[in-house]
């Protein structure tokens, strides 16, 4: 195992090259959690970390006094950033909810292995250091991050840090990063029974139990009802949908998940910009209070999915990467008890199917 100081030096060298924290850690062969855990204790590097006491719900509840904070949840391919107040938090059986006006989260605390308070000094000494709370799964992959903003109550934030930091705790230990396993052969399923059960859904939240009951993973389920409730569309459909939603002012819901958190934006989007950088193709939403960064070059499949409900048909755009992992979900903005927005449905109706055009 590498000693802490060589890890710190290698990580800081990678950061100095302009790599983001996750990429810098991967550059030196570590998970982000492991790289930051090496920054506990007294040292001279610009990044410092302190372990947090693992009472996650109480910690998140304490953040309400801090005012607006930046919530960040990401997976390999999409970053979801939302600014707002952590409020209306609750939990049951290690599943938590944040139902604030802006911060809307589903929290799977069973996956929260460790938390760190992270301070990163700014290269410009006249600018304040970055201060954040970062939470990791057992592999050292970030499940959720929370950043102090200029509009936050810094005194309240410092009080939370003082209360929840555990300076005597040892550095958390993480397992080696899990390899991406190729999808195995799809099990034999009674497709007719699955389609019948799909048709009988009365709530979109019945979808996950439906998959579990029939022993299928998400995309397998979509394939089983393709042509009736689902259809594959071109990879460019994600860009087209977001740009048209922005142009038409159609409010959307954007879901992005890690292993331990799903973060949701509900509302209109305004500024949608693609960007090609260092051989990567990013699709960005750059709005006050909401940013989304999606790797278009990671897209492996895009589906339009219709689920029956007591409020009528609910239609989503579901985006998967080239390994079959879910990248993001998009819906028309709605509340329970409300029908789907006609404008949203029209956006998806006009998307080109993969049999009609290029995948990319």
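Here are a few things to note about the model shown:
- Residue count, segment 206-223 (criterion: over 15 Å from residue 183 (Cβ atoms) and over 24 Å from the mean Cα position of the chain (by Cα)): 2
- Filter pass, residue 199 being modelled with pLDDT of 95 or more and out of contact with any helix residue (DSSP H, G or I) (no Cβ under 7 Å at 6 or more places or on another chain): yes
Residues checked against (1) exposed (fewer than 11 other Cβ atoms within 10 Å of the Cβ); (2) over 23 Å from residue 96 (Cα atoms); (3) outside the structural domain of residue 73 (by TED's automatic domain parsing):
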site	(1), (2), (3)
117	no, no, no
135	no, no, no
154	no, yes, no
200	yes, yes, yes
218	no, no, yes
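- Any hit, segment 227-242, residues being modelled with pLDDT of 95 or more, touching a strand residue (DSSP E or B) at 6+ places or on another chain (Cβ under 9 Å), loosely packed, with under 14 Cβ neighbours inside 10 Å and in the same structural domain as residue 340 (by TED's automatic domain parsing): yes
- Qualifying residue in segment 187-198 (condition: touching a strand residue (DSSP E or B) at 6+ places or on another chain (Cβ under 9 Å) and either farther than 17 Å from residue 31 by Cβ or in the same structural domain as residue 117 (by TED's automatic domain parsing) (or both)): yes
- Set side by side, the residues 34, 98, 16, 71 differ, and just one is over 19 Å from the mean Cα position of the chain (by Cα) and at pLDDT 95 or above, which is 34.
- No other residue among 129, 142, 156 is farther than 30 Å from residue 222 by Cα and touching a helix residue (DSSP H, G or I) at 6+ places or on another chain (Cβ under 7 Å) apart from 156.
- A residue that is touching a residue at least 60 places away in the same chain (Cβ under 8 Å) and surrounded by fewer than 20 Cβ atoms within 10 Å (Cβ to Cβ) occurs nowhere in segment 272-281.
- Of all residues in segment 159-185 being surrounded by 14 or more Cβ atoms within 10 Å (Cβ to Cβ) and more than 26 Å from the chain's Cα centre (by Cα), the one that is farthest from residue 217 (Cα to Cα): 159
- Here the condition is being part of a loop (DSSP other than H, G, I, E, B), touching a residue at least 12 places away in the same chain (Cβ under 8 Å) and crowded, with 18+ Cβ neighbours inside 10 Å; of 81, 102, it holds for 102 alone.
- Of all the listed residues (58, 65, 51), the sole one being more than 20 Å from residue 177 (Cα to Cα) and either in contact with a strand residue (DSSP E or B) (Cβ under 6 Å, 6 or more places away or on another chain) or part of a strand (DSSP E or B) (or both) is 51.
- Residue 270 assigned to a loop (DSSP other than H, G, I, E, B) and closer than 30 Å to residue 101 by Cα: yes
- For segment 291-302, the set of residues classified as in a strand (DSSP E or B) and surrounded by fewer than 21 Cβ atoms within 10 Å (Cβ to Cβ) consists of 291, 293, 295, 300, 301, listed by residue number.
- Some residue of segment 154-168 being at pLDDT 95 or above and assigned to a strand (DSSP E or B): yes
The values are calculated or read from the model by the stated rules, or taken from the named source; none is laboratory data. This is a predicted model, so every value here is computed, not measured. Note that each Cβ is placed from the backbone with ideal geometry, even for glycine, and that neighbours are counted across all protein chains shown.
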